[in-house]
Amino acid sequence: MNSLYALAPLSIIVLASIIILLLEVFLKKENKNYLGYISVFFLTACFIFCFMSWGKDYSYFNGSLLLDNFALFFFMILTIGTLLIILMSLNYISLMDANHGEFFALLLLALSGMFIMISSTDFLVIFLGLEVLSISSYALAGLKKKDEQSSEASVKYFLLGSFASAFLVFGLAFLFGAFKTTDILGIIDGFNKPTELGLLAIFGLGMVIISFAFKIAFVPFHMWTPDVYQGSPTPVTAFFSVGPKAVGFVVLIRILYPYWHSLFDSNVLFTILWIVSALTMIFGNLIALRQTNVKRILAYSSIAHAGYILVGILAMDNASCVFYLTVYLFMNIGAFTAITAMTKKGKEYVELEDYAGAGFNHPWIGAAFAVFLFSLAGFPPLGGFLAKFYVFAAAVKEGLISLVVIGILASLVSVYYYLRIVVFMYMHRSAGKLDIQQENPALLIVLFLCLYGVLQLGIFPGNILVFIRDAVGSLPF
Amino acid sequence: MALCQKYNLPYKMQEFLFFILAIICVGAVLAMILTKNPAYSALWLVLAFLGIAGIFGLLDAPFIAAIQIIIYAGAIMVLFIFVIMMIDVRKGLSPEKKKWTLFLSGFLGLVLLFELITAATGVFSQLKTVGTENIGSPAGLGRLLFTDFLYPFEITSVLIIAALVGAIVLAKKKENE
């Protein structure tokens, strides 16, 4: 339905970021938390709007902005994710000497970039959305003042992110040269008709996929991930590990899903992605074994999880991918919330030794962190188990047995490094140097909400699955 | 030849202008390569860009000509000059490195020449007059920007806000220390 309503979620978020930037100037330093509450208000409004427009298929600008259910579902979970990240960072920002207004405004702008990417099938628009997302992310990564690692993360992310954008534009130029369109559906149509420009188009498609592989951090393109995740402020790391990844997968699903069904021989692409998926699962988990920094462990674990989700894409089961991304959002944000809690003025505790005895000194945070780690490792009855189960079951149904075997072995390996953190928290004598000032109510609310999400998705996934099937059903193929 | 018809100029006039601009371009690029001082090279490059902008103007593409001056001769050259100012280019390369760069640049130059020849031989036969379709007119471009490409155009404004805020956030750091 052609309607101006289609613009509403995007405008709400952009408006919120501008209002926050304006208020930043007038609010006193001790009242800066209000900026967080204002952004939470706008995010809630956006969420409610998305929920109300479910199934209405609003579109605008000749269809280059399209709110199908698939887009709306991701709008909603990313809105929830951003909301959780804003709540968890209320206290953290002042501990790290950063500015509230800048942080929230950039986070909301990044969210608007993701909205733009999710809700379009035109690659020109997707590219611009990617730029909005990336440019805000570069600034977010360098937000910690007087911290070399944070600046390093920012520069590294900027350089490699620019490479990824360049790859995307390069690939787009080839696709446009071959098919005279930048619309995904037009490109798929072009692939279905054999032309002499097929090689040119395949090359372009490869370039586009490489650029998204950078953003999602598949294995040959993952080098930036650990450094950026380690250096960025912890809530921003949580955002990076969830947001750009989800968006990258949305675009991959939009390109690849029709492609698998097309008449064009897709064996080469399939094989390459098969290898990438296997490598991502193996390397992500193996390298994580040797890390002692908790943020780096979670960085490698996020690489490995990208590999599991790619298995779902190869199995052509979008519902399981979407479910995985939803569960992953809750458990990863939850885990990073626990790390955010381990902070005092000007100091973050991120080494494994710092966590010795944390489970007894800070029972709530420790217990929640343990649950999230169990979920990431894939223990039943938590969400992480079901997510892996659906993805691997779909792959078995499609006959990708060897890939599933690799995946299961890799996730067995992953149990070691997840449990290592738990062992440090509960079985090592406390060294007594962990004095954190972070037990504030907002943070505990986030922990509670993530716990609820992980348990709900693990024990009663039915309601969400209905939503997800509805969302996936709205894809045009 | 479109320009001549449009403004009722003698045909020879356009040819004359073209040759002058072409000589300026080639001469400026040669001077850019041959000068030792990188800052002068950058200035010669600006002159070459201006010449190219003039050629676009002759082809009746005023918008592309303007863009050529604003983006290349303006923004990109400022970046070049910043880099030249920030790094110490006076020192130059060590002799053994120089030999390598000479060899490598010679090789890459040959590859480029070969590529250009193969590309050009295929294209020359299909060359047609350009500039008759109003490709680079500001009016046509503006119409497209505000109809078919309105959404990307509006997104660009969000992009610019993000870039501005991000740049200020990162640059402000130093004042606080």
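Look through A:Ala246, A:Ala238 and report the one residue that is more than 18 Å from A:Gly312 (Cα to Cα), at pLDDT 90 or above and part of a helix (DSSP H, G or I).
Values: A:Ala246 fails: more than 18 Å from A:Gly312 (Cα to Cα).
Every option except A:Ala238 fails the conditions.
Would the stretch A:188-198 turn up any residue that is open to solvent by less than 40 Å² (accessible area, probe 1.4 Å), small (Gly, Ala, Ser) and over 26 Å from A:Leu279 (Cβ atoms)?
Taking the stretch A:188-198 first, the residues open to solvent by less than 40 Å² (accessible area, probe 1.4 Å) are A:188, A:190-191, A:198.
With the extra rule that they be small (Gly, Ala, Ser), the set shrinks to A:190, A:198.
After this cut, where a residue has to be over 26 Å from A:Leu279 (Cβ atoms) as well, the list is A:190, A:198.
Yes; the residues of the stretch A:188-198 include at least one that is open to solvent by less than 40 Å² (accessible area, probe 1.4 Å), small (Gly, Ala, Ser) and over 26 Å from A:Leu279 (Cβ atoms).
One line per residue, one yes/no per condition, for (1) touching a residue at least 12 places away in the same chain (Cβ under 8 Å); (2) among the aliphatic types (A, V, I, L, M):
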{"position": "A:Ser3", "(1), (2)": "yes, no"}
{"position": "A:Ala6", "(1), (2)": "yes, yes"}
{"position": "A:Pro9", "(1), (2)": "yes, no"}
{"position": "A:Ile19", "(1), (2)": "yes, yes"}
{"position": "A:Glu24", "(1), (2)": "yes, no"}
{"position": "A:Lys28", "(1), (2)": "no, no"}
{"position": "A:Lys32", "(1), (2)": "yes, no"}
{"position": "A:Ala45", "(1), (2)": "yes, yes"}
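Is there any pair with a first residue in the stretch A:109-132 that is under 23 Å from A:Gly177 (Cβ atoms) and facing another protein chain (nearest Cβ under 8 Å) and a second that is open to solvent by less than 10 Å² (accessible area, probe 1.4 Å) and small (Gly, Ala, Ser) whose Cβ atoms are under 6 Å apart and which are 6 or more apart or on different chains, and what are they?
Sorted first by the residue in the stretch A:109-132, then by its partner, the pairs are A:Gly129/A:Gly113.
Quickly run through the stretch A:64-79 and pick out the residues that are within 14 Å of another protein chain (Cβ to nearest Cβ) and open to solvent by less than 30 Å² (accessible area, probe 1.4 Å).
A:Ser64, A:Leu65, A:Leu67
Starting from residues that are assigned to a helix (DSSP H, G or I) and open to solvent by 10 Å² or more (accessible area, probe 1.4 Å), keep the ones in the stretch A:104-127 and report whichever is nearest to A:Phe41 (Cα to Cα). Step through it out loud before you land on a result.
Step one: of the stretch A:104-127, the residues assigned to a helix (DSSP H, G or I) are A:104-118, A:123-127.
Pick out the ones that are also open to solvent by 10 Å² or more (accessible area, probe 1.4 Å) and you get A:124, A:127.
On the way: A:Leu124: 31, A:Phe127: 29 Å.
Filtering first and then ranking leaves A:Phe127.
Please give the number of the condition A:Gly231 fails out of (1) more than 15 Å from the chain's Cα centre (by Cα); (2) within 30 Å of A:Gly63 (Cα to Cα).
(2)
Return the total of residues in the stretch A:33-63 being within 14 Å of chain B (Cβ to nearest Cβ), open to solvent by 30 Å² or more (accessible area, probe 1.4 Å) and touching a helix residue (DSSP H, G or I) at 6+ places or on another chain (Cβ under 6 Å).
Selection size over the stretch A:33-63: 2.
Using beta carbons and a limit of 9 Å, which pairs, at least six apart or on different chains, have the first residue in the stretch A:414-427 and among the hydroxyl-bearing types (Ser, Thr, Tyr) and the second one surrounded by fewer than 16 Cβ atoms within 10 Å (Cβ to Cβ)?
A:Ser414/A:Leu289; A:Tyr416/A:Leu289; A:Tyr417/A:Leu289; A:Tyr417/A:Arg290; A:Tyr426/A:Phe360
Please list, ordered by first then second residue, the pairs with beta carbon atoms under 7 Å, 6 or more apart or interchain, first in the stretch A:314-339 and closer than 14 Å to A:Leu444 by Cα, second in a loop (DSSP other than H, G, I, E, B) and open to solvent by 10 Å² or more (accessible area, probe 1.4 Å).
Close Cβ pairs satisfying both conditions: A:Ile339/A:Val350.
Can you pull out every residue in the stretch A:133-148 that is more than 7 Å from chain B (Cβ to nearest Cβ) and either of a type in the set (S, T, N, Q) or closer than 20 Å to A:Ala166 by Cβ (or both)?
Once the filter is applied, which keeps residues that are more than 7 Å from chain B (Cβ to nearest Cβ) and either of a type in the set (S, T, N, Q) or closer than 20 Å to A:Ala166 by Cβ (or both), the stretch A:133-148 yields A:Leu133, A:Ser134, A:Ser137, A:Ala141.
The values are calculated or read from the model by the stated rules, or taken from the named source; none is laboratory data. Quick caveat, the model's predicted, so the values are computed rather than measured. Glycine gets a Cβ as well: all are built from the backbone with ideal geometry, and neighbour counts include every protein chain shown. Please note that ligands, DNA and RNA were not included when accessible areas were found on the heavy atoms of the full protein model with its side chains. Shrake-Rupley method; radii C 1.70, N 1.55, O 1.52, S 1.80 Å.
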